[in-house]
DNA sequence: TATAATCAAGACTAGATTAGTCCTATATAC
DNA sequence: GTATATAGGACTAATCTAGTCTTGATTATA
């Protein structure tokens, strides 16, 4: 449907939560409450993030999750692809020859260009950038409420 | 899944087929054979395109479909949205206030920007452009086969 | 070392979407 | 009147979405 799923959305929220205090281990309960994500569902997503290597986990009491790299070195695209798998705006982009019509299809090049531009945006935003933006936005939101 | 469905893909193929001879009425059988789309499935998609107004239909013998506007005035985005519905890369973009976290979410703006850039690409390609590209590509493919 | 906390892995589910197929009714050219 | 087409809708199998729940392994700490 050309739309990000909840997996991607929740994954980004979780990583942003970790990015706000990168060295601390946060557990599912904390992330779930702070980021408004169902706990049992978040658990699956965190496992995926851990398997991808973006996040490391620690079991047992005082366990939880922390980033494996500084937030500055994690892009939005990496997080999304870690939980959703690689992005292909059209199946014809999965690999050369995936679509037998490639040689004659005039739309293929447009999708390639569209995907390139999407990646430009998603690659250019790091978790550090976004976490900083989040702090600013939260402050503004609080200010306007006062 | 952040991916175009077959509906969109087939819809574009069909409209491009009509664009190659915009005034002629082509029937399902012709489009289906030429564009490699299952006939019964294509029928549903053509009805959707007709309802959207992009294409007009004529029933009965010698009936079929033709474009309602010159190919130069139909964009790729229009065709895709006619069959798939409006594009929203993330649910938070559907409308202001759709996501209760908008005021504090730092990712919202990134999705808005990403969608804007995607639209730039999809809005800039008309069916005339693409049909022309298709003719060129077909000629090249034929040449390289010879 | 017993216990409580916490992640890991996977089974399970209801509902929606995807990618079709098929049938009946209606309209039109000849 | 008949053959040809679209219109509309019912139907389906397979997959995806967005969860929930259970069991098992690991770890800090009293």
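The values are calculated or read from the model by the stated rules, or taken from the named source; none is laboratory data. In this text, all values refer to a predicted model and were calculated from it rather than measured experimentally. Counting neighbours? That spans all protein chains shown, and the Cβs are built from the backbone with ideal geometry, glycine included.
Summary of values
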read-out	value
Matching residues, the stretch B:80-104, being in a loop (DSSP other than H, G, I, E, B), more than 18 Å from residue A:117 (Cα to Cα) and touching a helix residue (DSSP H, G or I) at 6+ places or on another chain (Cβ under 7 Å)	B:98, B:99, B:102, B:103, B:104
Search result, residues across the stretch A:58-67 that are over 18 Å from residue A:132 (Cα atoms) and buried (at least 17 other Cβ atoms within 10 Å of the Cβ)	A:64, A:65
Residue satisfying all of: in the stretch A:105-135; in contact with a strand residue (DSSP E or B) (Cβ under 8 Å, 6 or more places away or on another chain) and outside any helix (DSSP H, G or I); farthest from residue B:2 (Cα to Cα) among these	A:126
Filter result for the condition that a residue is within 14 Å of another protein chain (Cβ to nearest Cβ), modelled with pLDDT of 95 or more and more than 6 Å from DNA strand D (Cβ to nearest atom), over B:55, B:83	B:83
Check on residue A:37, part of a helix (DSSP H, G or I), surrounded by 14 or more Cβ atoms within 10 Å (Cβ to Cβ) and in contact with a helix residue (DSSP H, G or I) (Cβ under 8 Å, 6 or more places away or on another chain)	no
Residues of the stretch A:116-128 satisfying the condition of being without any contact (Cβ under 8 Å) to a residue 40 or more places away in the chain and either at positive phi or surrounded by fewer than 18 Cβ atoms within 10 Å (Cβ to Cβ) (or both)	A:116, A:117, A:120
